[in-house]
Each structure stands twice: as structure tokens, then as C-alpha cells.
1. Residue-wise, which Karplus ³J(HN,Hα) couplings in Hz belong to the range 20-33, taking 6.51 cos²θ - 1.76 cosθ + 1.60, θ = phi - 60°, and x for glycine or proline?
2. Would you calculate a helix-derived [θ] at 222 nm for the chain, using -39,500 (n - 2.57) for each DSSP H run of n ≥ 4 and dividing by the full residue count, to the nearest 500?
3. Per residue of the range 104-116, what does 6.51 cos²θ - 1.76 cosθ + 1.60 with θ = phi - 60° give for ³J(HN,Hα)? Whole Hz please, x for Gly and Pro, Karplus curve as stated.
4. Please work out how many pairs of lysine residues in the range 3-117 are eight or more positions apart (or on different chains) and have Cα atoms closer than 25 angstrom.
5. For the chain, what percent of Cα pairs sit more than 24 Å apart?
Amino acid sequence: MRTDDQLNDFLIGKSEHTLSLFHHFMAKFNEVGIVELHPTKTMIGISNGQKRVAWVAQLGKNFIHVVFPFKQAYEDNLCFQKIAQVPGDEQYNHHFRMLNPEDVNDEVMRFMRVAYNEEADL
């Protein structure tokens, strides 16, 4: 199955609001750098061409849920609803729930740049 078909299958039946959130989020991520989508059966991976920088874990009725994997926990923030270390790994998954286009604010954009570049400073 082609990637485009997999992405379409993932997006089918989603609300207009959710689809607009997804497209807005991806447009903002493309402002950081060119990203590639890697849809699977359960999520949509986002990469910078070399590594996964985030994934859309859920497309709800009125939100999208995005997970950013970082090498450290960024506890001092207002955008992540949960931060959890992957057991047995030095990866910290940061969970972001987007309800409105404005949720991708300056703080979220900074974390998108960190995820994309890995070594960027906050």
C-alpha cells in the first residue's frame, strides 16, 4: 500500500475540525523544516528525513494528540499534558493535545524546533 493511501485511510471519517487541526499542525511543522509523514495502522510518524521527530498518536473528534520523543524531560512548560520516560530507555515522550489552531504557539514551535534539530536550545 502506498503512503498516500495509508494516510488517507488514517484520515477517513475524521471531523472537519480535526482535519483542519492536523493540516495546520503539519503546515506549522513545515515552517520548522521539511517533514515527511510515515503513516502506520495506528499512528502517523513525522520525520525530518533522518529520524522520527514526533508522531500523531490520535485524531479525536475535536483534537489531535501528538507525542514528541526527547532525550531529556522538559518539565518547565505549559504545553505538554504528560511527560513519561520510556522504560529501559533514555527517551522521554512529551504528550501534546491540540484543540485549536492557536495551541501551536511560540512555546510549541520551540519544542518542534528542538525535536527537528535535537540539539537546539530552548
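Where a number appears in this text, it was derived from the coordinates with a stated rule and is not lab data. Worth saying up front: this structure is predicted, and the values here are computed from it rather than measured.
1. So the Karplus estimates, Gly and Pro as x, are 5, 5, 4, 5, 5, 4, 5, 4, 5, 5, 5, 6, 6, x Hz.
2. -10000 deg cm²/dmol
3. Calculated HN-Hα couplings, in order: 7, 9, 4, 5, 5, 4, 4, 5, 5, 5, 4, 4, 5 Hz.
4. Lysine pairs meeting both conditions in the range 3-117 amount to 16.
5. I get 22 percent for the Cα pairs in the chain exceeding 24 Å.
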